[in-house]
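Working notes, beginning with the structure itself.
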Amino acid sequence: MHYSILIQYDVTDKIYVASVPELKGCMAHGHTREEAMREIQEAGQLQLDVMQGKEMLAPAPMILNSK
């Protein structure tokens with residue numbers, strides 16, 4: 001399953017902040033885009049693992065229109 005990942009640069013803290021919109025509260029950061037991507041992938045997987053352990057349904061990924 002593939003989820004959306006949003007990466008934004010925070011000029012105040014000089015870090016990249018990544019989030020998964022479909023997974024409420026799932027955020028991570030890094031000093032580079034690559035680091036933020038690695039961290040958010042790990043955070044997302046951890047959140048899905050916890051949800052599975054609690055027998056919660058994982059939200060469906062967003063479907064983007066590719067026109």
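The values are calculated or read from the model by the stated rules, or taken from the named source; none is laboratory data. Only a predicted model underlies this, so the values are computations on that prediction, with no experimental measurement involved. Note: ideal-geometry Cβ built from the backbone for every residue, glycine included; neighbour counts use all protein chains shown. Quick note on the areas: whole protein, heavy atoms, side chains included, nothing else; ligands and nucleic acids left out. Shrake-Rupley method; radii C 1.70, N 1.55, O 1.52, S 1.80 Å.
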Inset, instruction - Please indicate, with yes or no, whether at least one residue in segment 50-57 is in contact with a strand residue (DSSP E or B) (Cβ under 9 Å, 6 or more places away or on another chain), of a type outside the set (Asp, Glu) and surrounded by 11 or more Cβ atoms within 10 Å (Cβ to Cβ). - result: no
Inset, instruction - May I ask you to say which residue of Ala36, Ala43 is among the hydrophobic types (A, V, I, L, M, F, W, C), out of contact with any Gly (no Cβ under 6 Å at 6 or more places or on another chain) and open to solvent by less than 40 Å² (accessible area, probe 1.4 Å)? - result: Ala43
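Can you say whether Gly53 is within 15 Å of the chain's Cα centre (by Cα) and free of Cβ contacts under 8 Å to residues at least 24 places away in the same chain, as far as the supplied structure shows?
Spelling it out, it is not the case that Gly53 is within 15 Å of the chain's Cα centre (by Cα) and free of Cβ contacts under 8 Å to residues at least 24 places away in the same chain.
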Inset, instruction - Scan segment 21-33 residue by residue and report those that are in contact with a strand residue (DSSP E or B) (Cβ under 8 Å, 6 or more places away or on another chain), buried (at least 16 other Cβ atoms within 10 Å of the Cβ) and either in contact (Cβ under 8 Å) with a residue 60 or more places away in the chain or within 11 Å of Tyr3 (Cβ to Cβ) (or both). - result: Cys26
Inset, instruction - For segment 1-20, state whether one or more residues are among the aliphatic types (A, V, I, L, M), touching a Pro at 6+ places or on another chain (Cβ under 7 Å) and assigned to a loop (DSSP other than H, G, I, E, B). - result: yes
